[in-house]
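First comes the structure, then the notes that go with it.
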Amino acid sequence: MVLFRTLMLISLCLAGAAAHAQAGGDLQAQILYAFHAEDANELAALVQSLSTREQAGGADATLRYHLAHAQYRLGLLNGEARGHNAQHAFSGCIDQLKAILEHDANSVESLVLQAACYAQLARLDKLEAVLLRSHAAARIGRAFALAPRNPRVLLVKGADGLARAKPGSAEQAQALAELTLAAQIFEQTSATTIDVPGWGHAEAYLALGRQLQARGDVLGARNWLEKALIVAPDFKAAQRQLATLIAR
């Protein structure tokens, strides 16, 4: 009887853990779908729902990470057209991740996402741009030192480098190499996962496709853009980029 009860307890615990993991995976998928479909209203609703849960006092590291990720995506969709809203979203992302990093300073995924939010905020807040870029560089440098082959680290590091490097410079070549490696590593891993953040695949493919298209490599660009749409069929930015390539 004792053995039976023990086995039942273990079974219930495993079922609960599986349900929690599945919920996390579903939430991650909702955030990515809303971003790829450019549904700012859905992303805002997700941010509001997660913020309510966080304010109710039930926030753990996983909830905070999902909230930060949703805020990051909402900031990207708002962009310069709705700069104030975007700044608010990126600042919220940074604050949520601070709480995680206070308990785990070596959380690579939190470091890279916070670096991305700092970098985006620097593009909008001209007065604090230098300081914000410094924070972004420190976070991505720390993440790279801890996990030099993490594809999200390479994606954020490479994309930011390409945005700031001078054409034809060694810095630009290095950033392109990092972005290419990110896409290649993503290609070798699952596009969906529960325990590890699963974002970045489609964005890396799109970013690399854009770079190759700008360099006149039409076949290479089309290859990566089509891969972006295989991973995320509703990715509107990739759809538009492929359409411009085909129209040439």
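Restricting the first member to segment 98-110 and to residues that are on the phi < 0 side of the Ramachandran plot, and the second to residues that are at pLDDT 95 or above and surrounded by fewer than 16 Cβ atoms within 10 Å (Cβ to Cβ), the beta-carbon pairs closer than 8 Å and six or more apart or on different chains are Asn106/Leu146; Val108/Leu146; Ser110/Asp104.
A quick yes/no check of all residues on (1) within 18 Å of Thr62 (Cβ to Cβ); (2) surrounded by fewer than 22 Cβ atoms within 10 Å (Cβ to Cβ):
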{"position": "Ala105", "(1), (2)": "yes, yes"}
{"position": "Ala115", "(1), (2)": "no, no"}
{"position": "Gln120", "(1), (2)": "no, no"}
{"position": "Val130", "(1), (2)": "no, yes"}
{"position": "Arg139", "(1), (2)": "no, no"}
{"position": "Arg142", "(1), (2)": "no, yes"}
{"position": "Gly158", "(1), (2)": "no, no"}
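Considering only residues that are under 17 Å from Leu97 (Cβ atoms) and touching a helix residue (DSSP H, G or I) at 6+ places or on another chain (Cβ under 6 Å), which ones fall in segment 64-78? Listed by number, the residues that qualify are Arg64, His66, Leu67, Ala68, His69, Ala70, Gln71, Tyr72, Arg73, Leu74, Gly75.
Evaluation of Lys157 against the conditions (1) of a type outside the set (Asp, Glu); (2) assigned to a helix (DSSP H, G or I); (3) not assigned by TED's automatic domain parsing to the domain that holds Leu206 shows that the sole unmet condition is (3). In this structure, Arg142 does satisfy being under 27 Å from Ile94 (Cα atoms), part of a helix (DSSP H, G or I) and in the same structural domain as Tyr118 (by TED's automatic domain parsing). Entry remark, segment 37-54: residues being part of a helix (DSSP H, G or I) and out of contact with any helix residue (DSSP H, G or I) (no Cβ under 7 Å at 6 or more places or on another chain) number 5 in total.
Every residue, every condition in (1) over 16 Å from the mean Cα position of the chain (by Cα); (2) modelled with pLDDT of 95 or more, yes or no:
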site	(1), (2)
Leu155	no, yes
Asp217	yes, yes
Asp234	yes, yes
Arg248	yes, no
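For Glu80, are the conditions met, namely being within 28 Å of Tyr205 (Cα to Cα), over 16 Å from the mean Cα position of the chain (by Cα) and at pLDDT below 95? Judged against the criteria, Glu80 is a match. Return a yes/no flag: does segment 238-246 have any residue that is free of Cβ contacts under 8 Å to residues at least 40 places away in the same chain, exposed (fewer than 13 other Cβ atoms within 10 Å of the Cβ) and under 27 Å from Ala122 (Cα atoms). The answer is yes, given that some residue of segment 238-246 is free of Cβ contacts under 8 Å to residues at least 40 places away in the same chain, exposed (fewer than 13 other Cβ atoms within 10 Å of the Cβ) and under 27 Å from Ala122 (Cα atoms).
The values are calculated or read from the model by the stated rules, or taken from the named source; none is laboratory data. The shown structure was predicted, so the numbers you read here are calculated from the model rather than taken from an experiment. Glycine also receives a Cβ, built like all others from the backbone with ideal geometry; neighbour counts cover every protein chain displayed.
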